[in-house]
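Engineer: The structure's right below; bear with me while I get my questions together.
The values are calculated or read from the model by the stated rules, or taken from the named source; none is laboratory data. Remember, predicted model here, so these are calculated numbers, not experimental data. Cβ: placed from backbone, ideal geometry, glycine included. Neighbour counts: every protein chain shown.
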């Protein structure tokens, strides 16, 4: 297997044109549109990587409910191997509601459901070239044992990556041994700043030995490796919805990385995949296939400077 993705999966209910503060008092407010889509950072990564032609396995927990059926059906339809997914007997599948405003800002409301019950014992020892984990702070039992999962993967010759995503508690604490076991770290700008407390988080993250790849929205990404600061800027795309764009970036980056290990090519493919995913509502509707992503990646601007 090329890639094993570990983490969260849930339906996303995307509401567009939501007011800043919805009126209560049982008032019914009409909005522009609503979409039901596959959500969860890990699920979007797995879906995007399968679209790009990787052989992908997915380990996660959902409930025995209609929401769980929806998630697993969407992943299976994309070609993701869901045999490592488990279903909780009583707790529901997680659910996220995104209230999107004009201009791109949004409020994200998540009911965690069975996410907190998912642990390292639910992750099978599947032979994979790379193991990726996401939404670290939403899954405390998995987080407590993720170092062991990554240690086993690295011992078997796999590379590893982590996208922490947001920390609702605001604590932003990662164990040092976990960071050292990551081949690649994939935060966005705000997450990288919160994790390090530094104005320039790249050197702090790179000190662990991992390659930090920091996502910068429409401006692409920047990575630090071997003293080289490499920036990848994609062509301009007028976004319809940016939900899941960072996760689609992760999928593109990993597909490029696993192809030949060339960091610059992986950054370009990640930037292209992330940009292309914003053309439609939800995280997976417009994820590219390999041909489209590689064609776009040729137009990604790559620059490199030597870090002081």
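Engineer: Looking at segment 77-91, which of its residues are touching a residue at least 24 places away in the same chain (Cβ under 8 Å) and within 17 Å of residue 36 (Cα to Cα)?
Structural biologist: 78
Engineer: Does segment 200-207 contain any residue that is closer than 23 Å to residue 108 by Cβ, without any contact (Cβ under 8 Å) to a residue 24 or more places away in the chain, surrounded by 24 or more Cβ atoms within 10 Å (Cβ to Cβ) and in contact with a helix residue (DSSP H, G or I) (Cβ under 6 Å, 6 or more places away or on another chain)? So that I can check it myself, show each step before the final result.
Structural biologist: Let us first name the residues in segment 200-207 that are closer than 23 Å to residue 108 by Cβ, namely 201.
With without any contact (Cβ under 8 Å) to a residue 24 or more places away in the chain added as a condition, the list becomes 201.
When the remaining residues are screened for being surrounded by 24 or more Cβ atoms within 10 Å (Cβ to Cβ), the result is none.
Taking every residue of segment 200-207 in turn, none turns out to be closer than 23 Å to residue 108 by Cβ, without any contact (Cβ under 8 Å) to a residue 24 or more places away in the chain, surrounded by 24 or more Cβ atoms within 10 Å (Cβ to Cβ) and in contact with a helix residue (DSSP H, G or I) (Cβ under 6 Å, 6 or more places away or on another chain).
Engineer: Please identify the pairs in which a residue from segment 159-177 that is farther than 26 Å from residue 263 by Cα has its Cβ atom under 9 Å from the Cβ atom of a residue that is exposed (fewer than 11 other Cβ atoms within 10 Å of the Cβ), counting only partners at least 6 apart or on another chain.
Structural biologist: Close Cβ pairs satisfying both conditions: 167/173; 172/197.
Engineer: Could I ask something else about it? Tell me which residues, restricted to segment 180-193, are within 20 Å of residue 156 (Cβ to Cβ) and either in contact with a strand residue (DSSP E or B) (Cβ under 9 Å, 6 or more places away or on another chain) or buried (at least 19 other Cβ atoms within 10 Å of the Cβ) (or both).
Structural biologist: At the first step, the residues of segment 180-193 found to be within 20 Å of residue 156 (Cβ to Cβ) are 180-184.
Across segment 180-193, the qualifying residues are 181, 182, 183, 184.
Engineer: What are the residue pairs meeting all of these: first residue in segment 11-30, first residue at positive phi and surrounded by fewer than 18 Cβ atoms within 10 Å (Cβ to Cβ), second residue at pLDDT 90 or above and part of a loop (DSSP other than H, G, I, E, B), Cβ atoms under 8 Å, and 6 or more apart or on different chains?
Structural biologist: Cβ pairs passing all conditions: 17/31; 17/32.
Engineer: For the structure I just gave you, tell me whether residue 8 is crowded, with 24+ Cβ neighbours inside 10 Å, under 25 Å from residue 149 (Cα atoms) and touching a residue at least 60 places away in the same chain (Cβ under 8 Å). Can you show your working first?
Structural biologist: Values: crowded, with 24+ Cβ neighbours inside 10 Å: yes; under 25 Å from residue 149 (Cα atoms): yes; touching a residue at least 60 places away in the same chain (Cβ under 8 Å): yes.
The answer is yes for residue 8.
Engineer: For segment 220-229, give me the residue count where each residue is crowded, with 19+ Cβ neighbours inside 10 Å, free of Cβ contacts under 8 Å to residues at least 60 places away in the same chain and part of a loop (DSSP other than H, G, I, E, B).
Structural biologist: Going through segment 220-229 one residue at a time, the tally reaches 0.
Engineer: Here is a further query. Scan segment 39-66 residue by residue and report those that are assigned to a helix (DSSP H, G or I) and surrounded by fewer than 19 Cβ atoms within 10 Å (Cβ to Cβ). Even if it seems obvious, please write down each step before you answer.
Structural biologist: Let us first name the residues in segment 39-66 that are assigned to a helix (DSSP H, G or I), namely 41-51, 66.
Matches in segment 39-66: 66 only.
Engineer: Do you know which residues across segment 281-295 are surrounded by fewer than 21 Cβ atoms within 10 Å (Cβ to Cβ) and within 12 Å of residue 256 (Cβ to Cβ)? Step through it out loud before you land on a result.
Structural biologist: Quick first cut of segment 281-295, residues surrounded by fewer than 21 Cβ atoms within 10 Å (Cβ to Cβ) only: 281, 285-286, 289-292, 294-295.
Scanning segment 281-295 gives 290, 294.
Engineer: Do we have residue 185 as modelled with pLDDT of 95 or more and under 20 Å from residue 8 (Cα atoms) here? Working first, answer last.
Structural biologist: On the way: modelled with pLDDT of 95 or more: yes; under 20 Å from residue 8 (Cα atoms): yes.
Yes; evaluated as a whole, the condition is true for this residue.
Engineer: Report whether or not residue 71 is outside any helix (DSSP H, G or I) and either modelled with pLDDT of 95 or more or buried (at least 22 other Cβ atoms within 10 Å of the Cβ) (or both).
Structural biologist: On the way: outside any helix (DSSP H, G or I): no; either modelled with pLDDT of 95 or more or buried (at least 22 other Cβ atoms within 10 Å of the Cβ) (or both): yes.
Considered against the rule, which asks whether it is outside any helix (DSSP H, G or I) and either modelled with pLDDT of 95 or more or buried (at least 22 other Cβ atoms within 10 Å of the Cβ) (or both), residue 71 comes out as no.
Engineer: Sticking with this one: Scan segment 113-136 and report the pairs whose first residue is on the phi > 0 side of the Ramachandran plot and whose second residue is surrounded by fewer than 17 Cβ atoms within 10 Å (Cβ to Cβ) and part of a loop (DSSP other than H, G, I, E, B), with Cβ atoms within less than 7 Å and a gap of 6+ or a chain change.
Structural biologist: Note: no pairs meet the criteria.
Engineer: Tell me yes or no: at least one residue of segment 243-265 is surrounded by fewer than 17 Cβ atoms within 10 Å (Cβ to Cβ), in contact (Cβ under 8 Å) with a residue 40 or more places away in the chain and not in a helix (DSSP H, G or I).
Structural biologist: Taking every residue of segment 243-265 in turn, none turns out to be surrounded by fewer than 17 Cβ atoms within 10 Å (Cβ to Cβ), in contact (Cβ under 8 Å) with a residue 40 or more places away in the chain and not in a helix (DSSP H, G or I).
Engineer: Mind checking which residues of segment 78-124 are in a loop (DSSP other than H, G, I, E, B), surrounded by fewer than 16 Cβ atoms within 10 Å (Cβ to Cβ) and out of contact with any helix residue (DSSP H, G or I) (no Cβ under 7 Å at 6 or more places or on another chain)?
Structural biologist: Step one: filter segment 78-124 for residues in a loop (DSSP other than H, G, I, E, B), giving 78-80, 82-85, 89-94, 101-105, 112-114, 118-119, 123-124.
Pick out the ones that are also surrounded by fewer than 16 Cβ atoms within 10 Å (Cβ to Cβ) and you get 79, 83, 89-90, 101-105, 124.
Across segment 78-124, the qualifying residues are 83, 89, 90, 101, 102, 103, 104, 105, 124.
Engineer: Among the listed residues 191, 238, which satisfies the condition of being over 18 Å from residue 266 (Cβ atoms) and more than 18 Å from the chain's Cα centre (by Cα)? It would help to see each step written out before you state the result.
Structural biologist: Details: 191 fails: more than 18 Å from the chain's Cα centre (by Cα).
It is 238.
Engineer: Of the residues 141, 154, which is surrounded by fewer than 22 Cβ atoms within 10 Å (Cβ to Cβ) and either in a strand (DSSP E or B) or in contact with a helix residue (DSSP H, G or I) (Cβ under 8 Å, 6 or more places away or on another chain) (or both)?
Structural biologist: Working: 154 fails: either in a strand (DSSP E or B) or in contact with a helix residue (DSSP H, G or I) (Cβ under 8 Å, 6 or more places away or on another chain) (or both).
Just a single option satisfies the conditions, and that option is 141.
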